[in-house]
1. Return the total of residues in the range 181-216 being closer than 18 Å to R82 by Cα and open to solvent by less than 30 Å² (accessible area, probe 1.4 Å).
2. So, A14, is that one of a type in the set (A, V, I, L, M, F, W, C), at pLDDT below 95, open to solvent by 60 Å² or more (accessible area, probe 1.4 Å) and over 15 Å from L112 (Cβ atoms) or not?
3. Kindly establish whether A198 is at pLDDT below 95 and closer than 21 Å to H143 by Cβ.
4. Within the range 29-45, which residues are open to solvent by less than 60 Å² (accessible area, probe 1.4 Å) and at negative phi?
5. Can you tell me how many residues within the range 42-75 are closer than 23 Å to C124 by Cα and charged (D, E, K, R)?
6. Show the residue pairs meeting these rules: Cβ distance below 9 Å; 6+ apart or different chains; first residue within the range 26-48 and of a type in the set (S, T, Y); second residue open to solvent by 50 Å² or more (accessible area, probe 1.4 Å) and not in a loop (DSSP other than H, G, I, E, B).
Amino acid sequence: DGYLWAGMGDGGGANDTFHNGQNPGTLLGKMLRLDVTSDPSAPYRIPPDNPWVTANWNGQDVLDEVWAMGLRNPWRFSFDRRIGDLWIADVGESQSEEIDFVPAAQVRQGALNFGWPAMEGPHCLAGDCAAAGYVLPTAEYGHAGNGCSITGGYVYRGQAFPLLNGVYFYADYCSGNLWALWRTAAGMQSALVLPKAAAMSSFGEDEAGEIYVTDIGGGIVYQLVGESVSP
């Protein structure tokens, strides 16, 4: 949309020590949306359609830079280059890693709260989470045998491997597992693609829509490939 988006962690400490995730007066634990300028005295402006410019959260004023709140450590987030959907991989604390999915129409509205630290993944840790209106993750996995730190990727929109079209890829830094996630009429479906593949710290996407993975352990950049011919 021509603006700069930034994912901010909660500032550290167990279970959000400083209570930043649900604090509307700080930029930590939030997704920000900024209009970058070339003026050194005012490096950015607030987009006029940012969701909390004219609204509040439960009667509390939210900083105008904020698009969404209630995140622990969004590592990483990306937009579907064809549709505009937003995918956020949020690193959990002790039991659950989550993926938050925001359809393109809702991206334009914003003003979302993903629940941290009252929620971790789909688990309610404090208060009445249903009444609070927190956004539930579209997918999650537990730490037992799966890892401990999610790394978000991209929706494949390249031309080289048509069977991968529309599939979102993500990984776990600790276990090295690589998963695929896609939408069906019955809901989201997920599958383990490569177990214990590498220490995947980030993903990348080139101009053609091909996807790459960085292995911080081996110092290697891999390209994701698949079947090149549709059935």
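The values are calculated or read from the model by the stated rules, or taken from the named source; none is laboratory data. Quick caveat, the model's predicted, so the values are computed rather than measured. Ideal geometry is used to build each Cβ from the backbone, glycine not excepted, and the neighbour counts take in all protein chains shown. Ligands, DNA and RNA are excluded from the accessible area calculation, which covers all protein heavy atoms including side chains. Shrake-Rupley method; radii C 1.70, N 1.55, O 1.52, S 1.80 Å.
1. Count: 6.
2. On the way: of a type in the set (A, V, I, L, M, F, W, C): yes; at pLDDT below 95: yes; open to solvent by 60 Å² or more (accessible area, probe 1.4 Å): yes; over 15 Å from L112 (Cβ atoms): yes.
Considered against the rule, which asks whether it is of a type in the set (A, V, I, L, M, F, W, C), at pLDDT below 95, open to solvent by 60 Å² or more (accessible area, probe 1.4 Å) and over 15 Å from L112 (Cβ atoms), A14 comes out as yes.
3. Working: at pLDDT below 95: yes; closer than 21 Å to H143 by Cβ: yes.
Considered against the rule, which asks whether it is at pLDDT below 95 and closer than 21 Å to H143 by Cβ, A198 comes out as yes.
4. Hits for the range 29-45 are K30, M31, L32, R33, L34, D35, T37, A42.
5. 1
6. That search, which allows pairs on different chains as well, returns T37/Y44; T37/R45; Y44/L4; Y44/V36.
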